[in-house]
Amino acid sequence: MSQTPRVVVIGVGNAFRRDDGIGPALVRRLRERASVRPLPPSVALIDCDGETGRLMSAWEGAELAIVVDAAHAHPGHPGRVHRFDHEGPYTRPAATSSHGLGLGEAVELSDALGRLPGKLLVLAVEGADSSLGTGLTPAVAATVERLAETVE
């Protein structure tokens with residue numbers, strides 16, 4: 001029988017929408033780093049498209065969930081990281097996702113169903129370009145290594 005990870009790192013995004021791929025890029029970098037310095041077996045690295053049900057499934061039962069996603073701000077500062085900590089009691093979170101209200105809805109619904117992680121940390125990275133295409137813009141790409149060190 002598989003044990004629920006105590007810590008999940010969830011990279012949210014779409015690698016085919018430029019900076020929206022920051023979450024998957026971070027998870028990919030963490031996997032590369034883990035090949036040299038393995039993570040504890042209680043840690044899971046998960047790619048997610050941001051759909052509410054998949055987010056809820058990814059963090060259910062975890063003591064700590066770290067969600068990395070793209071954010072849009074006006075005026076924006078591409079590469080700037082915003083940190084949102086959520087510990088119970090949960091209130092309606094600010095929408096930080098580039099996927100509409102997926103993350104906020106997932107938090108609200110998980111709260112209503114009693115399926116939130118013990119602690120939820122959202123790292124939202126301001127992007128510059130979410131058009132079709134692959135590859136992060138330079139400002140966003142420059143945050144990947146720093147974020148990997150922080151999360152690790």
Quiz item: Among the residues of the range 12-27, is any open to solvent by less than 10 Å² (accessible area, probe 1.4 Å) and either part of a strand (DSSP E or B) or more than 29 Å from residue 128 (Cα to Cα) (or both)?
Solution: yes
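State which residue is least open to solvent (accessible area, probe 1.4 Å) when the search covers only the range 41-70 and only residues that are in a helix (DSSP H, G or I) and of a type outside the set (A, V, I, L, M).
Looking at the filtered set, the residue picked out is 59.
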Quiz item: Among (1) in contact (Cβ under 8 Å) with a residue 40 or more places away in the chain; (2) open to solvent by 70 Å² or more (accessible area, probe 1.4 Å); (3) out of contact with any Phe, Trp or Tyr (no Cβ under 9 Å at 6 or more places or on another chain), which single condition is residue 138 missing?
Solution: (1)
Exercise. Output the residues belonging to the range 54-66 that are free of Cβ contacts under 8 Å to residues at least 40 places away in the same chain and either small (Gly, Ala, Ser) or under 15 Å from residue 123 (Cα atoms) (or both).
Key: 57
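Tally up the residues in the range 104-135 that are surrounded by 15 or more Cβ atoms within 10 Å (Cβ to Cβ) and in a strand (DSSP E or B), please.
Of the residues in the range 104-135, 8 are surrounded by 15 or more Cβ atoms within 10 Å (Cβ to Cβ) and in a strand (DSSP E or B).
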Self-check item: Failed criterion for residue 137 (all others in (1) within 29 Å of residue 60 (Cβ to Cβ); (2) β-branched (Val, Ile, Thr); (3) at pLDDT 90 or above hold)
Solution: (1)
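The values are calculated or read from the model by the stated rules, or taken from the named source; none is laboratory data. Quick caveat: nothing in here was measured; it's all calculated off a predicted structure. In this analysis, Cβ positions are derived from the backbone assuming ideal geometry, glycine residues included, and neighbour counts consider all displayed protein chains. Areas reflect the complete protein model, heavy atoms only, side chains present, ligands, DNA and RNA absent. Shrake-Rupley method; radii C 1.70, N 1.55, O 1.52, S 1.80 Å.
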